[in-house]
Amino acid sequence: MQDKHEPTPPPKPRRQTQGVKKIDTIKEFGQTDVPAVKTNIHCLPIIGQIEGHLILPPQNKTTKYEHIIPQLVAIEQDPEIEGLLIILNTVGGDVEAGLAIAEIIVSMTKPTVSLVLGGGHSIGVPVAVSARYSFIAETATMTIHPIRLSGLVIGVPQTYEYMDKMQDRVIRFVEKHSRISEAKFRELMFQTGELARDIGTVLVGRDAVEVGLIDEVGGISKAIKKLQEFINEEKNKKGDYLH
Amino acid sequence: MILYTPLPLELVLMSDDSSPYQEIEYDGVTLVVQPTGTGLGKIIQVKSTNPSVYLRPELQPGQQIPLTKTLI
């Protein structure tokens, strides 16, 4: 550990004088001197596990449902925010929390664009397709596989039916909000010989676009440009109502 | 709870010691900090959807920040 705390730290030369000065102005005068960077686009990073009903052990990096939902509500309401960019690098997580986030994004009136960077696996798939337009980086991957039950599983047909129902929620959502058909998505989900430990498929960049899951391969420039296009469209629409 | 993830479940659910991090609100921004004693904390993560928050020099990860409410 580099920054172990010493008992009596000698006064260090202040390297970032600007940062220190700003904290001082907050302390002394109750004012913040923040550079006025106005942005009309907010960015929602979804990283690690999506956390819902249970708190996961601390070695997991998590995106918490209770953080994301109020942020989305605030974005929807704030008149200064005109668009939302969702950046995904997630390994999935809680089904209910993931679907809840996806449903909120779908029902937003403000333009939304998603960008899968690194990975958008499992429950990350519905979140990625929930935006009005979706992008995937050329090297990013998306894993589609069946849902598993954790904890005590009772080996009766009802267990299977319950799991099937949960799976259908995800499949139906993805089918409704992307170009992929239900049959194709199920085929990818139950593919054998693709994954080492499981059945399913890994889609890399362009593959996700070819099967119709994601709209386009691209990066941040394309995503922002698309969002700006949507914002302009929205503004024109509003203009039409006025005149 | 149904976890839908390609990670092995034993890796996700493996219990560890409790988190050394703490979540605080500073000037309207949610921060994950690691308390370093003397009422200060080191910023580990900034949680905000506003991209301009990430440009603020006093909120850069690694910066020390008072854990108790300051006179804002």
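Read-outs throughout are calculated quantities, based only on the coordinates presented, and are distinct from any laboratory measurement. Everything numeric in this text was worked out from a predicted model, so none of it was measured. Note that we place each Cβ from the backbone using ideal geometry, even for glycine, and neighbour counts take in every protein chain shown.
Side notes on the structure shown:
- 12 Å beta-carbon shell around B:E23, net charge (K/R +1, D/E -1): 0
- Overall form of the protein assembly as shown per C-alpha gyration tensor (a/c, 1.5; a/b vs b/c): oblate
- Here the peptides A:185-196, A:54-65 are ranked by packing, the mean other Cβ count within 10 Å, and the order with the highest first is A:54-65, A:185-196.
- Averaging the sequence gap over all C-alpha pairs within less than 8 Å and six or more residues apart, then dividing by the number of residues, gives chain B a relative contact order of 22 percent.
- Proximity of backbone amide H atoms, modeled 1.01 Å from N, is registered between A:I136 and A:V116, A:E216, A:V217, A:G218 at under 5 Å, excluding neighbours fewer than 5 places apart on the same chain.
- Of A:K61/A:K110; A:K165/A:K237; A:K64/A:K222; A:K165/B:K47; A:K184/A:K222, those spanning more than 32 Å from alpha-carbon to alpha-carbon: A:K165/A:K237; A:K165/B:K47
- Classification of the stretch A:105-243 by its C-alpha gyration tensor yields a prolate form. The axis ratio a/c (a ≥ b ≥ c) is 1.5 or more, and a/b outweighs b/c.
- Residue-count net charge about A:A223 - beta-carbon cut-off 13 Å; Lys, Arg +1, Asp, Glu -1: +1
- The stretch A:45-242: antiparallel DSSP beta bridges as a percent of all, rounded to 5: 15
- Given R0 = 51 Å, the distance between the Cβ atoms of A:L152 and A:N236 translates into a calculated FRET efficiency of 0.35.
- Shape call, chain B: gyration tensor on alpha carbons, a/c limit 1.5: prolate
- Across peptide B:53-61, the mean count of Cβ atoms from other chains lying within 10 Å of each residue's own Cβ comes to 5.
- Average beta carbon contacts from partner chains per residue of A:61-74, 10 Å cutoff: 1
- Per-residue mean of foreign Cβ neighbours for A:214-221 is 0 (Cβ atoms of other chains, 10 Å radius).
- Note, ³J(HN,Hα) from phi for the stretch B:24-36, Karplus 6.51, -1.76, 1.60, rounded to Hz, x at Gly and Pro: 10, 10, 10, 6, x, 10, 7, 10, 9, 10, 10, x, 10
- Relative contact order of the stretch A:45-242: 20 percent, from C-alpha pairs under 8 Å at least 6 residues apart in sequence.
- Ranked list, fewest to most other Cβ atoms within 10 Å of each Cβ, for B:Y26, B:Y4: B:Y26, B:Y4
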